[in-house]
Amino acid sequence: MTYIVALTGGIGSGKTTISNSFREIGINIIDTDIIAKNIVEYNSQISDIIKKKFGKKILNINNSINRFLLRKHIFNNQNNRLWLENLLYPNILQESKRQIKLTKSSWCLWVVPLLIEKKLEKKVHRILLIDLPIKHQIQRIIKRDKISIQDAKKIISQQATRRERISASDDIIFNKKKIEKINQYIYYLNYFYSYLAHKHYQKNKIDIKKNHLTKFY
């Protein structure tokens, strides 16, 4: 079984930047956001169900789903958000398993923003959190997605709390350093996870999780 490290963090915390840095040093990345995007775009059965549920208000002129409009719509209605998550996640998990089996690196990074919310902690060997104060998350979301501060706060309020993520995580990168410094953390973590993967393959009984918490602040 492939050694799986889950990367998680709140919206706007910098998960894509960190996962791209791991990708650059040869680590296989399985990103659930990309998987979800492909499901919505290319799985006609799923897309038809979504179109039937939300109608023309989330469609482009060519009748394709506008993901920005869809996201804006579901974050204004918790029931709709949960409905969409429940529709997509069985397919997301199935495709994640398929990609994990194809991993070529000694370990893989599974990017799961909703790891805590979906209670997927036990499906991985270790959890890496990208942490950022909420005020900085809000600033990044507003700039990136061109939304109001009220909408940014609403999105964050619907996710797991910062405390819940920290409590569930094994390793933490506080994403306020320059990218050069963060890349040093990433190189260290690669060596560490490669070591854990080697131990995992040898089937040695070690309990790193209980006595080794890595924080990069």
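So how compact is the chain: Cα radius of gyration and Dmax in angstrom?
Values for the chain (Cα only, Rg and Dmax): 18.0, 57 Å.
For Met1 paired with Lys146, estimate the spin-label separation in nm (one decimal), with each label point 7 Å from Cα along the Cα-to-Cβ line.
Taking the simple label geometry, Met1 and Lys146 are separated by 4.5 nm.
Given Cα pairs under 8 Å that are at least 6 residues apart, what percent is the relative contact order of the chain?
33
So what's the back-of-envelope 222 nm ellipticity for the chain, counting only DSSP H runs of four-plus at -39500 (n - 2.57) apiece and dividing by all residues, rounded to 500?
Roughly -17000 deg cm²/dmol at 222 nm, from the helical runs in the chain.
Tally the DSSP beta bridges in segment 3-216 and give the antiparallel ones as a percent, rounded to 5.
5
Just tell me which aspartates and glutamates come within less than 19 Å, Cα to Cα, of Lys15; anything on the same chain fewer than 8 places away is out.
Partners within reach: Glu24, Asp31, Asp33, Glu117, Glu121, Asp131, Asp145, Glu164, Asp170, Asp171, Glu180.
Can you sort Ser105, Ser194, Ser169 so the residue with the fewest Cβ neighbours within 10 Å comes first?
Ordered from fewest to most neighbouring Cβ atoms within 10 Å, Ser105, Ser194, Ser169 come out as Ser194, Ser105, Ser169.
Could you derive backbone 3J(HN,Hα) for segment 92-109 from the dihedral phi with the Karplus parameters 6.51, -1.76 and 1.60 (θ = phi - 60°), listing whole Hz in sequence and x where the residue is Gly or Pro?
Those phi angles translate into 4, 5, 4, 5, 4, 4, 4, 5, 4, 5, 8, 4, 9, 7, 5, 8, 10, 10 Hz.
Straight-line reach only, C-alpha to C-alpha below 14 angstrom: list the aspartates and glutamates that Lys135 could link to, leaving out same-chain residues fewer than 8 apart.
By straight Cα distance, Lys135 reaches Asp151.
Laboratory data are not the source of any read-out in this text; all were calculated from the coordinates shown. Predicted model, so just to flag it, every value in this text is computed and none were measured. A quick note on method: Cβ atoms are made from the backbone with ideal geometry, for glycine too, and the neighbour counts reach across all protein chains shown.
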